[in-house]
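Below you'll find the structure, written out as structure tokens, and then a few comments.
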Amino acid sequence: GTSMQGTIENGDVLFVDSKIRAYDGDGIYVIARGGDVQVKRVQKLHNDILAIISDNRAYESERLTGDEANTVVVCGRVLAAWTLKNFW
């Protein structure tokens, strides 16, 4: 999708450390929520608030607390992205 546009483009190949299955510091993660899998920037703020951030400003960031934050499942941490250009 386009929610991370500017950092990760739609169709980029992502390199993900799937051994990281919990928040491991601010960064970009593959997360699962409510049956959807997403790539988002994740930050932990004061008072155990979890910020789920889209780098594309057309999308709003979310701040989750308590039970809401506990519904986020970390599937891995994004290490790099590779953009491919098709010429056909």
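All conditions but one from (1) more than 20 Å from T7 (Cα to Cα); (2) open to solvent by less than 40 Å² (accessible area, probe 1.4 Å); (3) β-branched (V, I, T) apply to V73; the one that does not is (2).
For the criterion of being polar (S, T, N, Q), at pLDDT below 95 and either open to solvent by 30 Å² or more (accessible area, probe 1.4 Å) or on the phi < 0 side of the Ramachandran plot (or both), T83 passes.
Just one of the numbered conditions (1) closer than 23 Å to V16 by Cα; (2) at pLDDT below 95; (3) open to solvent by less than 80 Å² (accessible area, probe 1.4 Å) is not true of G34: (3).
From the list A22, A32, A58, pick out the single residue that is in contact with a Cys (Cβ under 7 Å, 6 or more places away or on another chain) and of a type outside the set (K, R). Quick ask: steps written out before the conclusion?
Values: A22 fails: in contact with a Cys (Cβ under 7 Å, 6 or more places away or on another chain); A58 fails: in contact with a Cys (Cβ under 7 Å, 6 or more places away or on another chain).
Selected residue: A32, the only one of A22, A32, A58 that is in contact with a Cys (Cβ under 7 Å, 6 or more places away or on another chain) and of a type outside the set (K, R).
How about region 37-64: which of its residues are β-branched (V, I, T) and open to solvent by less than 70 Å² (accessible area, probe 1.4 Å)?
Going through region 37-64, the residues β-branched (V, I, T) turn out to be 37, 39, 42, 49, 52-53.
The answer is V39, V42, I49, I52, I53.
The values are calculated or read from the model by the stated rules, or taken from the named source; none is laboratory data. As the structure is a prediction and not an experimental result, all values here were calculated from the model. We place every Cβ from the backbone using ideal geometry, glycine too, and count neighbours over all the protein chains shown. Ligands, DNA and RNA are stripped out before the accessible areas are found, and what is left, the full protein with its side chains, is counted by its heavy atoms. Shrake-Rupley method; radii C 1.70, N 1.55, O 1.52, S 1.80 Å.
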